Amino acid sequence: MIIRTRKPSDVPSSEITPEDVYMNRRRFIRDASAGAAALAFAPSVLGASVLGTPERGSRQQIPARFQNMKTELDEDLNPYSDVTGYNNFYEFGTGKEDPARNAGDFKPKPWTVRVGGLVDKPGDYQLEDFIGPSNVEDRVYRMRCVEAWSVVVPWRGFPLSDVINRVEPTGDAKFVEFKTIVRPEEMPGQNTGVLDWPYTEGLRMDEAMNPLTLMTTGLYGMDLPNQNGAPLRLITPWKYGFKGVKSIVSMNFVEDMPLNTWWVQNRREYGFYANVNPEVDHPRWTQARERRLGELRRRETLMFNGYTEQVQSMYEGMDLTRWI
Ligand SMILES: Nc1nc2c(c(=O)[nH]1)N[C@H]1C(S)=C(S)[C@@H](COP(=O)(O)O)O[C@H]1N2
Ligand SMILES: [Mo]
């Protein structure tokens, strides 16, 4: 059994109290200063202020009912403060602490997703339309950023396949393209030209239908914080984190491979598939190792981020040194 699932009914949000959140913040602030001291001896540690936290100490930040959740490889969860305090979300700035700092004015409710292209049931869907009585689950996944850091998170969401079955793509649809909302008034980074807005990503239809592919609405049993892509973002745990397009407002079913933001930005360094592959280095750094947030020693990066069994059949016959 590769993914741990718990029905949200087993873990009501009410179990995470405002006090838990408050305590996490308090510890986060305290540990951040300890981390800065640790950094003096480890100057290469990423994101000193949130990452210098000792692993064991960090465990205390994890709400009790999540303490025993692990990946199938027995890895511990990263504390809430790691996954919400160290982000890439260029709409809110390019620094790793910018999203947490600048996303406060973003309004994730109400939320409409426009579904179009090669589908029998196009239209404007409310986020709630996708959520049934029993399709929302908590799943512990690793996430590996292309920049060689990683986190383990209990995400909450529903299979993308549920949406696809509902909107009924036609036989011509080969890919699905996702776009992030454009709201420069609420997303200061969109007033800059640092990326082409809107942030765009895509999946081949078989990838979109893969049971691992999660339309994500929460983490740690709570709604997604704005900096993690509220109210709806993609998680494909065998791919680099940049496939996980945040704050999704449209899904378009198409015949041709869509452009994706990081490929447009730098096609020499980023591809469409973005499968985690320790054997294919980024032109500017190795992908063979990674730094789990909160740890000092680097881990070996696993092929397909450890999800080979569930995904490799989709790529049979493809040269993965070419289709990066
Ligand atoms: N719209 C949008 N989505 C985005 C990004 C972004 O800059 N804008 N960054 C991506 C990258 S590079 C990563 S690693 C993940 C980070 O997700 P997290 O903040 O939940 O860790 O979001 C991805 N989704
Ligand atoms: Mo990333």
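The values are calculated or read from the model by the stated rules, or taken from the named source; none is laboratory data. What you see is a predicted model, and the numbers here were worked out from it, not measured in a lab. Cβ coordinates were reconstructed from backbone atoms using ideal geometry, including for glycine residues, and neighbour counts include every protein chain displayed.
Looking only at the range 54-68, filter to residues that are assigned to a loop (DSSP other than H, G, I, E, B) and surrounded by fewer than 19 Cβ atoms within 10 Å (Cβ to Cβ); which one of those is modelled with the highest pLDDT? Among those that are assigned to a loop (DSSP other than H, G, I, E, B) and surrounded by fewer than 19 Cβ atoms within 10 Å (Cβ to Cβ), it is Asn68. Of the strands (runs of 3 or more DSSP E) lying entirely inside the range 133-190, those carrying at least 1 residues that are more than 18 Å from Pro237 (Cβ to Cβ) are 175-180.
Given the options Arg114, Arg144, Arg166, name the one that is more than 30 Å from Asp281 (Cα to Cα), in contact (Cβ under 8 Å) with a residue 60 or more places away in the chain and of a type in the set (Lys, Arg). Before the answer, list the steps.
Working: Arg144 fails: more than 30 Å from Asp281 (Cα to Cα); Arg166 fails: in contact (Cβ under 8 Å) with a residue 60 or more places away in the chain.
Result of the check over Arg114, Arg144, Arg166: Arg114.
For the range 79-102, how many residues are part of a loop (DSSP other than H, G, I, E, B), buried (at least 24 other Cβ atoms within 10 Å of the Cβ) and more than 8 Å from ligand 1 (Cβ to nearest atom)? Matching residues across the range 79-102 total 1.
Quick one: in the range 198-227, of everything that is surrounded by fewer than 23 Cβ atoms within 10 Å (Cβ to Cβ) and of a type in the set (Asp, Glu), which residue is farthest from Tyr315 (Cα to Cα)? Only one residue fits best here, namely Asp223. If I filter the range 191-210 down to residues being hydroxyl-bearing (Ser, Thr, Tyr) and not in a strand (DSSP E or B), which single residue comes out as farthest from Val83 (Cα to Cα)? Taking the candidates together, the pick is Thr192. If you go through the range 251-297 and keep only what is over 30 Å from Trp111 (Cα atoms) and of a type in the set (A, V, I, L, M, F, W, C), you end up with Val276, Val280, Trp285, Ala288, Leu293, Leu296.
Listed here are the residues, each with its yes/no results for (1) within 16 Å of ligand 2 (Cβ to nearest atom); (2) buried (at least 19 other Cβ atoms within 10 Å of the Cβ); (3) hydrophobic (A, V, I, L, M, F, W, C); (4) modelled with pLDDT under 95.
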| position | (1), (2), (3), (4) |
| --- | --- |
| Gly117 | no, yes, no, no |
| Pro122 | no, no, no, no |
| Asn135 | no, no, no, no |
| Met143 | yes, yes, yes, no |
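Do the conditions hold for Lys109, that is, is it more than 16 Å from ligand 2 (Cβ to nearest atom), modelled with pLDDT of 95 or more and touching a Pro at 6+ places or on another chain (Cβ under 8 Å)?
Spelling it out, Lys109 is indeed more than 16 Å from ligand 2 (Cβ to nearest atom), modelled with pLDDT of 95 or more and touching a Pro at 6+ places or on another chain (Cβ under 8 Å).
Just a yes or no: is a residue in the range 237-251 crowded, with 21+ Cβ neighbours inside 10 Å, more than 25 Å from Gly171 (Cα to Cα) and of a type in the set (Phe, Trp, Tyr)? So far as the range 237-251 goes, yes, one or more of its residues are crowded, with 21+ Cβ neighbours inside 10 Å, more than 25 Å from Gly171 (Cα to Cα) and of a type in the set (Phe, Trp, Tyr). I'd like to know if the range 158-177 contains one or more residues that are modelled with pLDDT of 95 or more and within 30 Å of Glu300 (Cβ to Cβ). Looking through the range 158-177, at least one residue is modelled with pLDDT of 95 or more and within 30 Å of Glu300 (Cβ to Cβ).
Among the strands (runs of 3 or more DSSP E) lying completely within the range 211-297, list those that include at least 1 residues that are free of Cβ contacts under 8 Å to residues at least 24 places away in the same chain. Lay out the reasoning, then the answer.
Working: elements: 214-219, 233-235, 248-254, 289-292.
Result: 233-235.
Checking the conditions here, which among Phe158, Phe175 is more than 16 Å from ligand 1 (Cβ to nearest atom), closer than 28 Å to Tyr90 by Cα and surrounded by 20 or more Cβ atoms within 10 Å (Cβ to Cβ)? Just a single option satisfies the conditions, and that option is Phe175.
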